[in-house]
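Working notes for the structure below.
The values are calculated or read from the model by the stated rules, or taken from the named source; none is laboratory data. All values derive from a computational prediction rather than experimental measurement. Every residue, glycine among them, receives a Cβ derived from its backbone with ideal geometry; neighbour counts consider all protein chains shown. For accessibility, only protein heavy atoms count, side chains too; no ligands or nucleic acids. Shrake-Rupley method; radii C 1.70, N 1.55, O 1.52, S 1.80 Å.
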Amino acid sequence: MSERSQMTGFNDGNTTKTMNVVTKDDKRQGLFGKLYGGYGTDDRYTAGATLNNFKNDTQLTFLGMSNNINQQNFGSDDVAGISGGGMRGGFRPGGGGNSMTSTPSGITNTNAVGLNFSDKLGKSGTFEGSYFFNDSHNSNDQLSSRESFRESGSQYYNEDKTSNSDNLNHRLNMRVTYDLNENNKLIYIPSFSFQDNSSLDHTIGQTTNSLGEIINQTDNTYKSLNKAYSINNNLLFQHKFEKIGRSMSINLDSRIRNTDRQNYYEDVYQDSLTQYLTDEIDNTLATTLTYTEPVGNSGELSASYRISFNNRDSDKETYLLDPETQERVFSPQLSNQFQSGYTTQLPTLMYSNRSFGKFFNIGVSYQHARLNNEQVYPQEGVYHNSFNSILPTAMGRLQFKGNINMFFRYATSTIAPSVTQLQNVIDNSNPLFFSIGNPELNQSYSHSLMLRLEKPNGDKNTSISNFSMVQMTKNYITNETEFAEKDTVLAGGIVVQEGTQISMPINLNGYWNISNTTTHSFSISPVKSIMNSSVGLGYVRRPGQTDNTSNISNTYSLNLKFSLVSNISEKVDFNTYYNVSGNRVFNSIQSQSNTSSNYIMQTVGVKANIIFWKGFVFRNDTYLEKYNGFSDDFNSSYVLWNMSIAKRFSVINWEKWSFQYLIY
């Protein structure tokens, strides 16, 4: 449960599934780890090391890796000892906050190191801290084919894009827990991240009509230099009164994010060179006060109040450069200074009841949110809007006859538009796909319902479960798209080619997301294995608007999974599996009403770990993946095979060494 729930016993629904591994006192000593390396064809290589030093409550872990085989994060077994814890080119401001980094498309060369340290602070406190560094280079060659459905006929776009990016990030996380006494506890969780990203994209694109005639085309280069940092602080004070179940807590949290971008765009057909300089600041300060009171023998009442202030500033300067002399001319039509403030007040009242075989809580919040947008350049404008929302919630777990368990959760939520969506300045960094913000956007409001049913049977070693989810969103933020009917030159020399798509975010009702997954497993005694199967169904209804005509995109999905998992012995572990998934997409404004887009993905695989003669280990991971899209050009099929032989033995106080010969 969350920190507040663990201390007060009031389950607020913020839970995370965890496994608590407790080691014996005499085993909390020693130095152990692993060192590995591999080299193969096409100069492929991988190398890494993990080193752990445990001494009673003091733990120190070092991790490192370097490879060019697209492994970008440490494996789960590597981090098992670690506790706590308008842009192109895939750049994300601020980097990550833990050991994981985002996984872009393409091929990535990675160099990464990590440190983790934890220890007791006297008799009443603990300290946990980690530092991770990643330096990666990504190459991605991408072919895209897009069909846009219009009332006047389809429009086709084909693109060949080559991207290269370098990304460097630092992530520092700490956690200090201190028990002032048996009734008072203080928790401080700070984190810091820094990211430095540079990318270079070359794009060749062409738009044609249904007759194959060229409407517009581009041959452009886009260079991006980005730096960002993020500082987060969270301070929690908890107090338990003498009466069991009565408590109070105060939570203060703050976030400071700053992003600086320098982007350069050059187009061969237009003989133009543009420089974009953007500085974004996103600061948040919030506090939450909570009080809990026991009600009867099994109930609790919780009252809380949260207030949050979020300020976002974006300053975008755009210059037109002479390709030969590099002389800069300021473009006011492509520049913008924008400020946005979002303040929320959220009083909440919740009741929880826990008794034998059941648990439930119900609550309601009243959210008053105020969105203040101010544009100071190129045109002055002030936009104010306030939102008053009732946010009910309910959650429970029930036990029925026949060993049937049911868990349900109903929740409501709101999402404010981002500063990029609010900023009404033209973004022409892709000459065939313009975009502009909308300062009059409203926040979205969502209802979601989740239901899970489970029936395990330990005597027969079988289980069956069903998971269902429904989400509906009001004022869903989507895009309105228009197509330029002819070549146009806007004020400031902005060229809009015929067929260029111009999109702007708008609010529309009618978004639905429905899914259902049924899972069944049973044992097969003759081969001492377990058969698992699951069937998943999904439906997404997404509203949009094109050329002032409403469009509903309906996506239907099906997913089937089958796997045979061994349970033969401690020395034999295998998993064979087959997955197939497919999508069908229908658009309401499509000219052929019965035409659909089909996507089918199939995967067949075998994993095996076998321990045999004198501690030798054989590992194998082989799978075939086949994809069928809407045209032969985008169909693909390939096999990946990883195999290794390892020998385990102990030297001095090292618990495990492993030498592996890898074949790719």
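Pairing residues of the range 52-72 that are within 15 Å of residue 32 (Cβ to Cβ) and part of a strand (DSSP E or B) with residues that are open to solvent by less than 20 Å² (accessible area, probe 1.4 Å) and β-branched (Val, Ile, Thr), at Cβ distances under 8 Å and at least 6 apart in sequence or on separate chains, gives 52/61; 53/61; 61/50; 62/50; 63/50.
When restricted to residues that are part of a strand (DSSP E or B) and either open to solvent by 70 Å² or more (accessible area, probe 1.4 Å) or closer than 30 Å to residue 367 by Cα (or both), the range 454-489 contains 18.
Among the residues making up the range 440-453, those that are in contact with a Pro (Cβ under 9 Å, 6 or more places away or on another chain) and either open to solvent by less than 30 Å² (accessible area, probe 1.4 Å) or within 30 Å of residue 215 (Cβ to Cβ) (or both) are 441, 443, 444. Restricting attention to the range 508-537, the residues being in a strand (DSSP E or B) and touching a Pro at 6+ places or on another chain (Cβ under 9 Å) number 2. Among the residues of the range 225-275, those that are within 30 Å of the chain's Cα centre (by Cα) and among the basic types (Lys, Arg) comprise 227, 255, 257, 261.
Taking the numbered list (1) open to solvent by 40 Å² or more (accessible area, probe 1.4 Å); (2) within 22 Å of residue 429 (Cβ to Cβ); (3) touching a Phe, Trp or Tyr at 6+ places or on another chain (Cβ under 7 Å) in turn, residue 541 passes all entries but (2). The residues of the range 209-245 that are surrounded by fewer than 16 Cβ atoms within 10 Å (Cβ to Cβ), in contact with a Pro (Cβ under 8 Å, 6 or more places away or on another chain) and in a loop (DSSP other than H, G, I, E, B), listed by number, are 243, 244. Somewhere in the range 424-445, is a residue assigned to a strand (DSSP E or B), out of contact with any Gly (no Cβ under 8 Å at 6 or more places or on another chain) and farther than 30 Å from residue 500 by Cα? Yes, there is a match, as at least one residue in the range 424-445 is assigned to a strand (DSSP E or B), out of contact with any Gly (no Cβ under 8 Å at 6 or more places or on another chain) and farther than 30 Å from residue 500 by Cα.
Name the residue, out of 359, 434, 407, 387, that is open to solvent by less than 30 Å² (accessible area, probe 1.4 Å) and within 30 Å of residue 261 (Cα to Cα). Result: 434 is the single residue among 359, 434, 407, 387 that is open to solvent by less than 30 Å² (accessible area, probe 1.4 Å) and within 30 Å of residue 261 (Cα to Cα).
To keep it simple, each residue is scored yes or no on (1) hydrophobic (A, V, I, L, M, F, W, C); (2) more than 30 Å from residue 128 (Cβ to Cβ).
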site: 170; (1), (2): no, no
site: 178; (1), (2): no, no
site: 185; (1), (2): no, no
site: 200; (1), (2): yes, yes
site: 216; (1), (2): no, yes
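Per-residue answers, yes or no, for (1) modelled with pLDDT under 95; (2) on the phi > 0 side of the Ramachandran plot; (3) under 29 Å from the mean Cα position of the chain (by Cα); (4) not aliphatic (A, V, I, L, M):
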{"position": "284", "(1), (2), (3), (4)": "no, no, yes, yes"}
{"position": "300", "(1), (2), (3), (4)": "yes, no, no, yes"}
{"position": "320", "(1), (2), (3), (4)": "yes, no, no, no"}
{"position": "326", "(1), (2), (3), (4)": "yes, yes, no, yes"}
{"position": "330", "(1), (2), (3), (4)": "yes, no, no, yes"}
{"position": "341", "(1), (2), (3), (4)": "yes, no, yes, yes"}
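Taking the range 149-160 as the search range and keeping residues that are surrounded by fewer than 17 Cβ atoms within 10 Å (Cβ to Cβ) and either in a strand (DSSP E or B) or at pLDDT 95 or above (or both), which one is nearest to the chain's Cα centre (by Cα)? Step by step, filter the range 149-160, then rank; the result is 160. With respect to being closer than 24 Å to residue 272 by Cα and of a type in the set (S, T, N, Q), residue 220 fits the description.
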